[in-house]
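Below is one structure, written out as C-alpha coordinates; comments come after it.
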Amino acid sequence: MEIIQLGSLAILLKWLLLGVAVFIGLLFLKYYTKKSSDSLSFDLISNSVFWGFVVWKLSLLIIEPTLIINSPLSLLYFTGGSTGLLLAIIFSIVYVLWKSRETNVLRAGLFFSLVVMSGYHLLMVLFLDDQHLYHILVALGSILGLWYIKTSKIVIKVIIYYSFLRVALLLALVDPNDERVFIFTFEQWFFVAIILVLLIFWERLPIKNENLGETN
(Lines give C-alpha, C1' and ligand atoms only; values in the text may rest on other atoms or scores of the structure.)
Protein backbone atom coordinates (compact mmCIF):
# COMPACT_ATOMS: atom_id res chain seq x y z
CA MET A 1 0.00 0.00 0.00
CA GLU A 2 1.39 3.41 -0.99
CA ILE A 3 2.40 5.85 1.73
CA ILE A 4 2.31 9.66 1.67
CA GLN A 5 4.98 11.41 3.76
CA LEU A 6 3.88 14.71 5.34
CA GLY A 7 6.89 15.89 7.32
CA SER A 8 7.38 13.36 10.09
CA LEU A 9 3.89 11.96 9.54
CA ALA A 10 3.44 8.95 7.24
CA ILE A 11 -0.12 8.35 6.00
CA LEU A 12 -1.41 5.43 3.97
CA LEU A 13 -2.70 6.79 0.68
CA LYS A 14 -6.01 4.94 1.10
CA TRP A 15 -6.72 6.85 4.33
CA LEU A 16 -5.88 10.15 2.64
CA LEU A 17 -8.27 9.27 -0.20
CA LEU A 18 -10.93 8.38 2.36
CA GLY A 19 -10.47 11.79 3.99
CA VAL A 20 -10.90 13.48 0.60
CA ALA A 21 -14.04 11.40 -0.07
CA VAL A 22 -15.50 12.36 3.34
CA PHE A 23 -14.81 16.04 2.59
CA ILE A 24 -16.53 15.70 -0.80
CA GLY A 25 -19.42 13.92 0.91
CA LEU A 26 -19.82 16.78 3.38
CA LEU A 27 -19.85 19.30 0.52
CA PHE A 28 -22.58 17.35 -1.28
CA LEU A 29 -24.48 16.95 1.99
CA LYS A 30 -24.25 20.70 2.66
CA TYR A 31 -25.78 21.40 -0.75
CA TYR A 32 -28.39 18.66 -0.29
CA THR A 33 -29.53 19.90 3.14
CA LYS A 34 -29.39 23.56 2.12
CA LYS A 35 -31.65 22.83 -0.83
CA SER A 36 -34.15 21.14 1.50
CA SER A 37 -33.67 23.72 4.32
CA ASP A 38 -32.53 20.96 6.66
CA SER A 39 -29.53 22.29 8.60
CA LEU A 40 -30.18 19.84 11.48
CA SER A 41 -29.22 16.86 9.33
CA PHE A 42 -25.95 18.44 8.23
CA ASP A 43 -24.97 19.44 11.77
CA LEU A 44 -25.79 16.02 13.19
CA ILE A 45 -24.01 14.03 10.48
CA SER A 46 -20.93 16.29 10.47
CA ASN A 47 -20.74 15.87 14.27
CA SER A 48 -20.97 12.09 13.84
CA VAL A 49 -18.07 12.26 11.36
CA PHE A 50 -15.96 14.20 13.89
CA TRP A 51 -16.69 11.83 16.76
CA GLY A 52 -16.23 8.85 14.45
CA PHE A 53 -12.73 10.14 13.65
CA VAL A 54 -11.99 10.43 17.38
CA VAL A 55 -13.17 6.84 17.92
CA TRP A 56 -11.02 5.70 14.99
CA LYS A 57 -7.94 7.25 16.58
CA LEU A 58 -8.71 6.02 20.10
CA SER A 59 -9.57 2.52 18.90
CA LEU A 60 -5.82 1.95 18.91
CA LEU A 61 -6.16 1.68 22.70
CA ILE A 62 -8.23 -1.46 22.18
CA ILE A 63 -6.48 -2.90 19.14
CA GLU A 64 -2.85 -2.21 20.11
CA PRO A 65 -2.82 -1.35 23.85
CA THR A 66 0.83 -2.41 24.22
CA LEU A 67 1.89 0.11 21.58
CA ILE A 68 0.15 2.94 23.44
CA ILE A 69 1.61 1.88 26.80
CA ASN A 70 5.12 1.84 25.35
CA SER A 71 4.66 5.00 23.29
CA PRO A 72 1.64 7.20 24.19
CA LEU A 73 2.46 9.58 21.33
CA SER A 74 1.55 6.78 18.92
CA LEU A 75 -2.04 8.05 19.19
CA LEU A 76 -0.94 11.12 17.25
CA TYR A 77 0.59 9.18 14.40
CA PHE A 78 -1.45 5.98 14.10
CA THR A 79 -5.10 4.95 13.81
CA GLY A 80 -6.95 1.73 14.49
CA GLY A 81 -6.68 0.73 10.82
CA SER A 82 -9.54 -1.03 9.06
CA THR A 83 -10.88 -2.63 12.26
CA GLY A 84 -10.85 0.71 14.05
CA LEU A 85 -12.60 2.30 11.08
CA LEU A 86 -15.43 -0.22 11.30
CA LEU A 87 -15.78 0.58 15.02
CA ALA A 88 -15.88 4.29 14.14
CA ILE A 89 -18.58 3.72 11.49
CA ILE A 90 -20.69 1.68 13.93
CA PHE A 91 -20.29 4.43 16.54
CA SER A 92 -21.32 7.10 14.01
CA ILE A 93 -24.44 5.15 13.03
CA VAL A 94 -25.43 4.65 16.68
CA TYR A 95 -24.71 8.34 17.38
CA VAL A 96 -27.06 9.49 14.61
CA LEU A 97 -29.79 7.04 15.68
CA TRP A 98 -29.41 8.11 19.32
CA LYS A 99 -29.49 11.84 18.59
CA SER A 100 -32.33 11.76 16.10
CA ARG A 101 -34.75 9.23 14.65
CA GLU A 102 -36.23 11.71 12.21
CA THR A 103 -36.54 10.16 8.78
CA ASN A 104 -34.99 13.14 6.98
CA VAL A 105 -31.81 12.86 9.10
CA LEU A 106 -31.47 9.14 8.41
CA ARG A 107 -32.07 9.63 4.70
CA ALA A 108 -29.46 12.40 4.64
CA GLY A 109 -27.06 10.06 6.43
CA LEU A 110 -27.56 7.37 3.78
CA PHE A 111 -27.10 9.99 1.04
CA PHE A 112 -23.82 11.11 2.65
CA SER A 113 -22.59 7.52 3.06
CA LEU A 114 -23.24 6.61 -0.58
CA VAL A 115 -21.55 9.78 -1.83
CA VAL A 116 -18.49 8.99 0.31
CA MET A 117 -18.39 5.38 -0.89
CA SER A 118 -18.71 6.30 -4.57
CA GLY A 119 -16.08 9.05 -4.25
CA TYR A 120 -13.66 6.90 -2.26
CA HIS A 121 -13.75 3.92 -4.59
CA LEU A 122 -13.45 6.10 -7.70
CA LEU A 123 -10.39 7.76 -6.14
CA MET A 124 -8.97 4.30 -5.38
CA VAL A 125 -9.29 3.44 -9.08
CA LEU A 126 -7.51 6.65 -10.10
CA PHE A 127 -4.67 6.63 -7.59
CA LEU A 128 -4.05 3.01 -6.58
CA ASP A 129 -3.21 0.12 -8.87
CA ASP A 130 -5.10 -2.45 -6.83
CA GLN A 131 -8.42 -4.32 -7.26
CA HIS A 132 -9.77 -1.96 -9.92
CA LEU A 133 -12.77 -4.12 -10.79
CA TYR A 134 -13.89 -4.28 -7.16
CA HIS A 135 -13.62 -0.52 -6.68
CA ILE A 136 -15.41 0.25 -9.96
CA LEU A 137 -18.31 -2.06 -9.11
CA VAL A 138 -18.66 -0.66 -5.58
CA ALA A 139 -18.61 2.90 -6.95
CA LEU A 140 -21.27 2.02 -9.54
CA GLY A 141 -23.36 0.30 -6.87
CA SER A 142 -23.13 3.40 -4.66
CA ILE A 143 -24.12 5.71 -7.51
CA LEU A 144 -27.03 3.40 -8.37
CA GLY A 145 -28.11 3.56 -4.71
CA LEU A 146 -28.14 7.37 -4.89
CA TRP A 147 -30.26 7.27 -8.02
CA TYR A 148 -32.59 4.68 -6.49
CA ILE A 149 -33.14 6.85 -3.39
CA LYS A 150 -33.99 9.83 -5.59
CA THR A 151 -36.43 7.94 -7.78
CA SER A 152 -38.12 5.45 -5.46
CA LYS A 153 -37.14 6.66 -1.95
CA ILE A 154 -37.28 3.11 -0.55
CA VAL A 155 -34.47 3.65 1.90
CA ILE A 156 -34.49 0.34 3.75
CA LYS A 157 -34.33 -1.71 0.57
CA VAL A 158 -31.46 0.43 -0.73
CA ILE A 159 -29.43 -0.36 2.40
CA ILE A 160 -30.19 -4.09 2.17
CA TYR A 161 -29.39 -4.34 -1.54
CA TYR A 162 -26.20 -2.32 -1.13
CA SER A 163 -25.06 -4.48 1.79
CA PHE A 164 -25.72 -7.66 -0.22
CA LEU A 165 -23.70 -6.17 -3.07
CA ARG A 166 -20.74 -5.39 -0.81
CA VAL A 167 -20.71 -8.87 0.74
CA ALA A 168 -20.91 -10.51 -2.70
CA LEU A 169 -18.13 -8.37 -4.17
CA LEU A 170 -15.90 -8.89 -1.14
CA LEU A 171 -16.37 -12.65 -1.41
CA ALA A 172 -15.78 -12.73 -5.15
CA LEU A 173 -13.02 -10.18 -5.71
CA VAL A 174 -11.10 -9.47 -2.50
CA ASP A 175 -8.00 -11.42 -1.48
CA PRO A 176 -9.14 -14.70 0.17
CA ASN A 177 -6.10 -14.53 2.45
CA ASP A 178 -7.50 -11.48 4.30
CA GLU A 179 -7.97 -11.97 8.04
CA ARG A 180 -11.30 -13.68 8.71
CA VAL A 181 -13.55 -14.52 11.62
CA PHE A 182 -15.13 -17.85 10.69
CA ILE A 183 -16.00 -17.45 6.98
CA PHE A 184 -16.13 -13.64 6.70
CA THR A 185 -13.77 -10.70 7.14
CA PHE A 186 -14.67 -7.99 9.67
CA GLU A 187 -15.93 -5.82 6.81
CA GLN A 188 -18.17 -8.60 5.49
CA TRP A 189 -19.56 -9.28 8.97
CA PHE A 190 -20.40 -5.57 9.24
CA PHE A 191 -22.60 -5.68 6.14
CA VAL A 192 -24.09 -9.05 7.15
CA ALA A 193 -25.02 -7.51 10.52
CA ILE A 194 -26.72 -4.58 8.78
CA ILE A 195 -28.79 -6.96 6.66
CA LEU A 196 -29.81 -9.07 9.67
CA VAL A 197 -30.74 -6.04 11.81
CA LEU A 198 -32.87 -4.54 9.04
CA LEU A 199 -34.64 -7.83 8.31
CA ILE A 200 -35.25 -8.70 11.98
CA PHE A 201 -36.31 -5.25 13.16
CA TRP A 202 -37.98 -4.06 9.94
CA GLU A 203 -41.30 -3.26 11.60
CA ARG A 204 -39.68 -1.33 14.47
CA LEU A 205 -37.44 0.90 12.39
CA PRO A 206 -38.14 4.65 12.40
CA ILE A 207 -37.12 5.07 8.75
CA LYS A 208 -40.20 3.79 7.03
CA ASN A 209 -43.06 6.08 6.12
CA GLU A 210 -44.83 7.18 2.98
CA ASN A 211 -41.83 9.26 1.89
CA LEU A 212 -38.82 7.23 2.88
CA GLY A 213 -39.64 3.59 3.45
CA GLU A 214 -41.94 0.82 2.48
CA THR A 215 -43.79 -1.75 4.55
CA ASN A 216 -45.16 -5.03 3.37
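The values are calculated or read from the model by the stated rules, or taken from the named source; none is laboratory data. Since the structure is predicted, the reported quantities are computational estimates derived from the model, not experimental observations. Heads up, the Cβs are rebuilt from the backbone with ideal geometry, glycines too, and the neighbour counts pull from every protein chain shown. In case anyone asks, the SASA skips ligands and DNA or RNA and just uses the protein heavy atoms, side chains included. Shrake-Rupley method; radii C 1.70, N 1.55, O 1.52, S 1.80 Å.
From largest to smallest, what semi-axes in whole angstrom does segment 1-143 give when each is the square root of 5 times an eigenvalue of its alpha carbon gyration tensor?
Output for segment 1-143: semi-axes of 27, 21, 13 Å.
As an exercise, identify the trypsin sites (Lys or Arg not before Pro) in segment 15-119 lying in DSSP coil whose Cβ has no more than 14 other Cβ atoms within 10 Å.
The qualifying sites are Arg101.
For Leu146, Leu73, Leu97, Leu169, write out the residues from largest to smallest accessible area, computed with a 1.4 angstrom probe and no ligands counted. Walk me through the numbers on the way to the answer.
Numbers: Leu146 40, Leu73 110, Leu97 75, Leu169 20 Å².
I get Leu73, Leu97, Leu146, Leu169, largest accessible area first.
Taking the alpha-carbon distance from Lys157 and a cut-off under 20 Å, which lysines remain once sequence neighbours fewer than 8 residues away in the same chain are dropped?
Within the straight-line limit of under 20 Å, Lys157 reaches these lysines: Lys208.
If amide hydrogens are placed 1.01 Å from N in the peptide plane, which non-local residues have theirs closer than 5 Å to the one on Leu12?
Counting only residues 5 or more places away or on other chains, the set is Ile4.
Which order do Val54, Val94, Val105 take when ranked by solvent-accessible area (1.4 Å probe, heavy atoms of all protein chains), largest first? Write down the numbers at each step before the final one.
Working: Val54 40, Val94 85, Val105 0 Å².
Heavy-atom accessible area, descending, gives Val94, Val54, Val105.
Using just the C-alpha positions of segment 91-151 as equal point scatterers, what log10 of I(q)/I(0) does the Debye formula give at each q in 0.14, 0.22 1/Å?
Listed by q, the Debye log ratios stand at -0.48, -0.84.
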